[in-house]
1. What is the one condition in (1) crowded, with 24+ Cβ neighbours inside 10 Å; (2) touching a helix residue (DSSP H, G or I) at 6+ places or on another chain (Cβ under 6 Å); (3) at pLDDT 90 or above that Asp92 does not satisfy?
2. Quick one: in region 44-64, which of the residues that are over 15 Å from the mean Cα position of the chain (by Cα) and surrounded by 13 or more Cβ atoms within 10 Å (Cβ to Cβ) is farthest from Leu297 (Cα to Cα)?
3. Are any residues in region 64-108 touching a His at 6+ places or on another chain (Cβ under 9 Å), closer than 19 Å to Ile279 by Cα and among the hydrophobic types (A, V, I, L, M, F, W, C), and if so, which ones?
4. Residues in region 196-204: is at least one surrounded by fewer than 21 Cβ atoms within 10 Å (Cβ to Cβ) and under 26 Å from Met47 (Cα atoms)?
5. Looking at region 138-172 only, could you name the residues that are over 30 Å from Phe99 (Cβ atoms) and either in contact with a Lys or Arg (Cβ under 8 Å, 6 or more places away or on another chain) or not in a helix (DSSP H, G or I) (or both)?
6. Name the residues in region 251-263 that are assigned to a helix (DSSP H, G or I) and without any contact (Cβ under 8 Å) to a residue 40 or more places away in the chain, would you?
7. Would you check which residues across region 30-43 are closer than 14 Å to Asp295 by Cα and either at pLDDT 85 or above or surrounded by fewer than 16 Cβ atoms within 10 Å (Cβ to Cβ) (or both) and list them?
8. Contact list please: Cβ distance under 7 Å, first residue in region 120-141 and over 18 Å from Lys197 (Cβ atoms), second residue basic (Lys, Arg), pairs at least six apart or on different chains.
Amino acid sequence: MNFAKSRKKAAADLESQATSQAVIRTPLQQAVRRFRKNKIAMTGFWMVVVLVLFVNIGALVTPYDPDAVSLFDINATPTAEHVLGCDSLGRDLLTRILFGGRISLAVGLLSAALSMALGSLVGALSGYYGGVVDSILMRLTDLVLTIPSLPLLMVLGVIFKPSPTFLIIMIALLNWTTSARLVRSRFLTLKELDYIKAARATGEGDARMILTHLLPNSLDVIVVTATLAIGNSIIMESTLSFLGCGINPPTASWGSMLQSAQETMASAPLTAIAPGLMIFLTVLAFNFVGDGLTDALDPKRDLA
């Protein structure tokens, strides 16, 4: 009797496992499951969520103006009123971290999105049409790759005193080449597959072929590259602002805060540690997410 019950229980367990495994059917669901099982990737994801909520909600509830100067609070140490203290002009450091984070994150996210859109367009056209189109677009890509991005942005920053919008556009125009090459490579592979040839044989137009069949199957490359590009864009904006060629004072960004902290770093170390730590954590979080997406979107990798 006990043997029969054991057999029934084992059969029920096997059926339950088969049912649970059958729930995840689509590649997207499998990718989400692999990503969620990656502890480092999930750590990065929650770090990004916390950082975004911290700078956006915090900037709305802080009682201080990020540009308000107080002669009585110059280089003030942390207190209950000023949790991180004040900078060399008596401005609340935590408030400037929050408002500076909004600028730095906006520059990183929007410039990465714009560069991915431009790079995906160039890569898609180059990989799909090939021939003369491919040669022209890839020579253009090679030309942009030869441009030293940081020195050029420094020169433009000195000349134009850039706004955040200007930085977003310029960083995007200099950082689209990687995504263009990756998307082109994926398109060259995909367009030789049987289902693409069959779709072409049915008379589908070029735009439909690219948007319906090729581009969706290249999203893994685009998403991973975009995630990693966000961190690079934040570092580039911070570097420019630190060198005095980026966001103009008194507008706060993490890089400009580091630049302002050079003279008071010894007497008020938090003025340098706080923005530097925020840059480090943000870039680290996006890199964790990017690495996790690389593994999760790889169909050959099974973390289950």
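1. Exception for Asp92: condition (2).
2. By that ranking, first place goes to Tyr64.
3. Leu93, Leu94
4. no
5. The initial filter retains those residues of region 138-172 that are over 30 Å from Phe99 (Cβ atoms), namely 138-148.
Those that are over 30 Å from Phe99 (Cβ atoms) and either in contact with a Lys or Arg (Cβ under 8 Å, 6 or more places away or on another chain) or not in a helix (DSSP H, G or I) (or both): Met138, Thr141, Thr146, Ile147, Pro148.
6. Within region 251-263, the first condition is being assigned to a helix (DSSP H, G or I), and the residues that meet it are 254-260.
If the condition is that a residue be assigned to a helix (DSSP H, G or I) and without any contact (Cβ under 8 Å) to a residue 40 or more places away in the chain, then Leu258, Gln259 are the ones that fit.
7. Matches in region 30-43: Val32, Arg33, Arg34, Phe35, Arg36, Lys37, Asn38, Lys39, Ile40, Ala41, Met42.
8. The qualifying pairs are Gly123/Arg181; Gly123/Arg184; Ser126/Arg184; Thr141/Arg181.
The values are calculated or read from the model by the stated rules, or taken from the named source; none is laboratory data. Model, not experiment: these values are computed from the prediction. Backbone-built Cβ (ideal geometry, glycine too); neighbour counts: all protein chains shown.
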